[in-house]
Structures are given as structure tokens and as C-alpha cells.
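For reference, the structure is listed below as C-alpha cells.
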Amino acid sequence: MKKGVILVLSFMIFAACQPEKQQDVLDIAGVWKLVELSNYDEEGKVSQPYGNPPLGYFIYTPGGHMSIQIMKNPPHPRLTERPSDSIVAQIARGSITYFGTYSVDKERSVVIHEVEGALNPNYVNTDRERQYSISGDSLIINIESEGSRYKRVLLKVE
């Protein structure tokens, strides 16, 4: 009995001493299915270049790793032979993929994707800041860049 009480108290102390940053990461950790990807230009005109709904998942591990996979819907038809360079380029333009680590700045409601590898070489070794909010099982990510705005809506699946 004494050992059980000591074990429970030790666990409670350990849990209370965990950094707040760890809790911030845990808030966003999980597998999120992409259900909306909307881009807004300077005039507010919306486009959905990856379809409605797009295909994709954002994966955030509790340990701080992330993987982002976005693909156009409908996907490119199956290839029956070796594709030409133009077909390969078309397929590449229809997807966004990158991976690395992430951190959360809860005070600013920002998730920072620290990109280690990506289909787009301009993403490699960059930090991509994304405004985020969580409401129930929904994760909403907003990005602003050079007068344009980008919105991603995801549903937690795991």
C-alpha cells in the first residue's frame, strides 16, 4: 500500500513538473485529415487548387515530429508506362509534401514546422510558421504571405 501511494505521488509530481511546452505539443499531436484547403488572393477571391475536398494528412507526433502530405483530388490517373518529364512535373505540382520537427508557441497560437525534407527544395531547412486554432476535433491553420491568405481545415482521426 505504501509503495502504491509513493508511486502515485511520484507520478503526480513528475507530471506537474513537465514543461508547459510539452503540453502545447500534446494539444496538436495526432493524425489530422485534410478536409478543406482554400487560398485567398489580395482581393479575397478564393481558389481550391487541390480539389474539394483535397486529399491529405497532417501528422504531429507527441515527440515533436511532423509530416505533411497534400494531394490533388481527383488524383492523377494511374500511369501505364514510364511518364514523360511533363507528366512528372504535373504530378509534382499536384502535391505538397514535407517532413521534419515542429514546435508550438501557444501564446501566439502558432505552430512552427521546422522542415528537414520536402518535395519543394525551397522548403528544406526552413521554419514555416502557421497560425492555428483547435475547436473540438477540428484544427484550423491559417497562413498569410505577401497579401494572400491560405486556410487549411483538418479533422482529427487519431
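Every read-out reported here was derived from the displayed coordinates using simple, explicitly stated rules and does not represent laboratory data. Predicted model only: the values in this text are computed from it and were never measured. In this analysis, Cβ positions are derived from the backbone assuming ideal geometry, glycine residues included, and neighbour counts consider all displayed protein chains.
What you get for region 72-128, charging only the Cβ of Lys and Arg (+1) and of Asp and Glu (-1), is a dipole of about 280 debye around the Cα centre. For region 20-158, the Kirkwood hydrodynamic radius comes to 15.9 Å, computed from all pairs of different C-alpha atoms. Taking a ≥ b ≥ c as the square roots of the eigenvalues of the Cα gyration tensor, region 60-124 is classed as prolate, since a/c reaches at least 1.5 and a/b is larger than b/c.
A quarter of the convex hull surface defined by the alpha-carbon atoms of region 83-158 gives 6.9 nm² as the mean projection.
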